[in-house]
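Input: a single structure, listed below in structure tokens.
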Amino acid sequence: MPETARQLLGSLTPAFAELAYDDAADSGVDGPIGWDGYDAARDRAAGRTGESESVLCGVGAVDGVETMLIAFEFGFLGGSIGERTGLRIERAFARARELRLPVVSLIATGGSRMQEGMRALTQLQRIARASGQAREAGLPRIAVLRDPATGGGWATLGAGADVTLAVTGAQVGFAGSRVRPEGHPDGYAAYTAEGQHRAGHVDLVVDPADLPRRLGRWLRLLTAPSADPAPPPAPLGATAPPASGWDAVQAARSPHRPRAESYLDSYFEWREDISGDRCGGVDSGVSCGFGRRDGVTIAYAAQCGTPTTPAGFRTAARLVRLASRLGVPVLTLVDTPGAANDADAERAGVGPAIAEMFDAVASAAVPVTTLVIGEGGSGGALAFAAAGRTWITPDAYFSVTSPEAAARILKRNPGDVPATAGQLRLSPQDLVDLGIAEGITG
């Protein structure tokens, strides 16, 4: 990773046009609270770094995409956020709205500047307001967490971004290294880029050498939405519908049936995943992100054949809401025996999480297209499905509950399960006849 903010900017864009700054708001001897020696400390920081403040803001093309770049200079008082920092960031977001540009925040900060007291801390409100206005304007916001990314910089620009990348080994957390509790059981692994990724707060951990490429891909994805609904993918498995409901269930449960990853790889030229629900959870059985197809971007939320956990529903809802804000159509793939129903899932709020996904799909301002590619198990599957825009493959089924569960509920014998499957009318052709599916792909 380049050592200074300007070196980093130079690695990302061939030409960085820095904004003109108005630092007149900073007045008085030794800053707003008269901290003895503050002016001298700033002068020394300026002499060391060649910068007049801890952040540089301006416009540059990253992989061909014009972008508003906000880069922290950690060498200037630890990249701390003071009043001038807040004003510069506010101006950068305002200019991004004027020019309709995505915003990339390259964060390396120890937090708010103590030498300015509460005047420094309240800059977080200024930054949050400016970032929120960009969000409401439909502008993509990407954060890159460098080392360190702590305090208010993490809690506003970092955690508040639409997509959050972090460089390998970076310190990431609200608590800085000097204020963390002693004797943490995981050896402070929770305060790292990798720890935050495992906890669902960071989308991707990136090798510093690979940052320009990955950031460029994300910018191209988030700035090239399709104007049309996502077409349903072609079937990758069976091409003929099953003979019975029970045959449909067996085909969907076959270990040889193509899964979501195969469909996504076939459908997209390339793609990037988001990860985590931003509430401390990750579900490896749900794949969400944005992909390039025929020169435009389509978002995806795909179940991968396992029971979907609360984290999976929340991550998918996060994806759909983000795509809706950015004007990106969504493809969902349904394949789950049902929502996770163990005690851990209940404690983690599986019901509210399913409700989030239902709401995100129902209220999306963009078209959502659904393809059922395997098991469609009850409400946990239906939450991923778009009313009026659902298709199904020949080797899939959709049911109010599994045939086995239906037989138990109705106090039938295990031998009655195949007949119960037929009565449930869960096969692809049944779902078309019932008006649940628009058609069988193939």
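Take residues that are among the hydrophobic types (A, V, I, L, M, F, W, C) and assigned by TED's automatic domain parsing to the domain that holds GLY280 and tell me which of the strands (runs of 3 or more DSSP E) falling wholly in the range 329-442 contain 3 or more.
Output list reads 330-336, 368-377.
So, in the range 119-158, of the ones that are surrounded by fewer than 19 Cβ atoms within 10 Å (Cβ to Cβ) and among the hydrophobic types (A, V, I, L, M, F, W, C), which residue ends up farthest from GLU98 (Cα to Cα)?
Going through the qualifying residues, I end up with LEU121.
Considering the range 307-355 alone, what residues qualify as being in contact (Cβ under 8 Å) with a residue 12 or more places away in the chain and charged (D, E, K, R)?
The answer is ARG314, ARG318, ARG321, ARG325, ASP335.
For the subset of the range 93-118 comprising residues that are touching a residue at least 60 places away in the same chain (Cβ under 8 Å) and touching a Gly at 6+ places or on another chain (Cβ under 8 Å), which member is surrounded by the fewest Cβ atoms within 10 Å (Cβ to Cβ)?
Of everything passing the filter in the range 93-118, GLN115 is surrounded by the fewest Cβ atoms within 10 Å (Cβ to Cβ).
Tell me yes or no: at least one residue of the range 22-41 is in contact with a strand residue (DSSP E or B) (Cβ under 7 Å, 6 or more places away or on another chain) and assigned by TED's automatic domain parsing to the domain that holds LEU106. Can you show your working first?
Taking the range 22-41 and keeping what is in contact with a strand residue (DSSP E or B) (Cβ under 7 Å, 6 or more places away or on another chain), we get none.
Scanning the range 22-41 turns up no residue that is in contact with a strand residue (DSSP E or B) (Cβ under 7 Å, 6 or more places away or on another chain) and assigned by TED's automatic domain parsing to the domain that holds LEU106.
Output the residue which, of all residues in the range 58-70 that are surrounded by fewer than 24 Cβ atoms within 10 Å (Cβ to Cβ) and of a type outside the set (Val, Ile, Thr), is nearest to LEU19 (Cα to Cα).
Selected residue: GLY58.
Conditions tested, residue by residue: (1) more than 25 Å from GLY10 (Cβ to Cβ); (2) under 18 Å from the mean Cα position of the chain (by Cα).
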residue: VAL65; (1), (2): no, no
residue: LEU77; (1), (2): no, no
residue: ILE89; (1), (2): no, no
residue: SER112; (1), (2): yes, no
residue: ALA120; (1), (2): yes, no
residue: ARG135; (1), (2): yes, yes
residue: GLY138; (1), (2): yes, yes
residue: GLY152; (1), (2): yes, no
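Could you figure out which of (1) surrounded by fewer than 21 Cβ atoms within 10 Å (Cβ to Cβ); (2) within 18 Å of the chain's Cα centre (by Cα) isn't true of PRO258?
(2)
Scan the range 358-378 residue by residue and report those that are touching a Ser or Thr at 6+ places or on another chain (Cβ under 9 Å) and farther than 17 Å from PRO229 by Cβ. Step through it out loud before you land on a result.
Initially, the range 358-378 is screened for residues touching a Ser or Thr at 6+ places or on another chain (Cβ under 9 Å), giving 360-361, 363-366, 368-378.
Result: ILE373, GLY374, GLU375, GLY376, GLY377, SER378.
Pick out the one residue from LEU87, LEU9, LEU56 that is within 22 Å of ARG214 (Cα to Cα), in contact with a helix residue (DSSP H, G or I) (Cβ under 9 Å, 6 or more places away or on another chain) and either part of a loop (DSSP other than H, G, I, E, B) or hydrophobic (A, V, I, L, M, F, W, C) (or both).
Values: LEU87 fails: within 22 Å of ARG214 (Cα to Cα); LEU9 fails: in contact with a helix residue (DSSP H, G or I) (Cβ under 9 Å, 6 or more places away or on another chain).
Among LEU87, LEU9, LEU56, only LEU56 is within 22 Å of ARG214 (Cα to Cα), in contact with a helix residue (DSSP H, G or I) (Cβ under 9 Å, 6 or more places away or on another chain) and either part of a loop (DSSP other than H, G, I, E, B) or hydrophobic (A, V, I, L, M, F, W, C) (or both).
Could you please find all residues in the range 402-417 being in contact (Cβ under 8 Å) with a residue 12 or more places away in the chain and surrounded by fewer than 17 Cβ atoms within 10 Å (Cβ to Cβ)? Outline the logic, then answer.
Taking the range 402-417 first, the residues in contact (Cβ under 8 Å) with a residue 12 or more places away in the chain are 402-404, 406-407, 417.
Hit for the range 402-417 is GLU404, nothing else.
Looking at ALA407, ALA365, ALA421, ALA437, can you tell me which residue is of a type in the set (A, V, I, L, M) and closer than 29 Å to VAL282 by Cα?
Working: ALA407 fails: closer than 29 Å to VAL282 by Cα; ALA421 fails: closer than 29 Å to VAL282 by Cα; ALA437 fails: closer than 29 Å to VAL282 by Cα.
Testing whether each residue is of a type in the set (A, V, I, L, M) and closer than 29 Å to VAL282 by Cα leaves just ALA365.
Looking only at the range 112-130, decide whether some residue is assigned to a strand (DSSP E or B) and more than 14 Å from THR156 (Cβ to Cβ). Let's see the steps before the verdict.
Residues of the range 112-130 assigned to a strand (DSSP E or B): 112.
Among the residues that remain, those that are also more than 14 Å from THR156 (Cβ to Cβ) are: none.
Taking every residue of the range 112-130 in turn, none turns out to be assigned to a strand (DSSP E or B) and more than 14 Å from THR156 (Cβ to Cβ).
The values are calculated or read from the model by the stated rules, or taken from the named source; none is laboratory data. This is a predicted model, so every value here is computed, not measured. Positions of Cβ are backbone-derived with ideal geometry, glycine not excepted, and every protein chain shown enters the neighbour counts.
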